[in-house]
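What follows is a single structure, written as structure tokens, with notes after it.
The values are calculated or read from the model by the stated rules, or taken from the named source; none is laboratory data. Just so we're clear, the structure is a prediction, and the values are computed from it rather than from any experiment. So basically every Cβ, Gly included, is an ideal-geometry build from the backbone, and we count neighbours across all protein chains shown.
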Amino acid sequence: MSAENRAFSYALTPSSSPINRNLIAPTVGEPALRKATRCRFWYDSSIHLQMSFNPSNLLNITTDLIINTSRFEDSASIETRVKDAPEESRDALRGALSLLYLSEGPTNISGERLKVAEQHLDPAERVVARWLYTRTNGRLKKHYGPNALHAARAAQYRCESCKFADVRTLNLALVGGRKSSTGEFKCLCANCHAINSRVNDWDLPAAE
């Protein structure tokens, strides 16, 4: 058995916790021990999560964090909301709602107009508007841009893979991954985005 395998074996044995560096370092070497220590950390973390998992402890997901799909392509509803807002906020609110819900709407909004509009957006809309702002008119614009907005809007701010609708989890992934990107995006939740990245961007062996 190699030094690295001996270190891993020791690290993953429950009775070995905590790892005694002075005891095993001379026999396996420091590089193997460092890898084993990292491995033990993730092993302990996964065991802790499995033992502490309880469905009742999941985040309390409410409709406040989900975008209502009936709002898409509904210009009349947007105008109703705009009329109910103070006059000085109407243009900014119209722009924000059009960006969120209309396929022919604007592809970005300025930071100043977003700040004005946010006062009249619901919690889910504020999360999505800020998320889109950084990707269409903020610091991440050069990496995302209009194509990312179109993808998120077309998905109605839901994961295209599993349909999870909590807007706090949204990510934008390149179709085909970074290595063979077409410049098009898809809207995914955090879990599906992680899986997509590993499938497309990691050099992993194919599943048997």
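What the table shows:
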item	result
Of all residues making up the range 124-145, the number that are more than 16 Å from the chain's Cα centre (by Cα) and outside any helix (DSSP H, G or I)	4
Filter pass, R71 being at pLDDT 95 or above, touching a Phe, Trp or Tyr at 6+ places or on another chain (Cβ under 6 Å) and assigned by TED's automatic domain parsing to the domain that holds A117	yes
Which numbered condition Y157 misses (of (1) part of a loop (DSSP other than H, G, I, E, B); (2) on the phi < 0 side of the Ramachandran plot)	(2)
Selection within the range 160-188 - of a type in the set (K, R), at negative phi and not in a helix (DSSP H, G or I)	R178, K179, K186
Residue ID - nearest to the chain's Cα centre (by Cα), chosen from residues in the range 102-122 that are exposed (fewer than 12 other Cβ atoms within 10 Å of the Cβ) and outside any helix (DSSP H, G or I)	S103
Any chance P106 is free of Cβ contacts under 8 Å to residues at least 12 places away in the same chain and closer than 29 Å to D84 by Cβ	yes
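Here's the yes/no breakdown for (1) farther than 18 Å from R71 by Cβ; (2) surrounded by 14 or more Cβ atoms within 10 Å (Cβ to Cβ); (3) at pLDDT 95 or above:
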{"site": "A124", "(1), (2), (3)": "no, yes, yes"}
{"site": "T136", "(1), (2), (3)": "yes, yes, no"}
{"site": "H143", "(1), (2), (3)": "yes, no, no"}
{"site": "L170", "(1), (2), (3)": "no, yes, yes"}
{"site": "N191", "(1), (2), (3)": "yes, yes, no"}
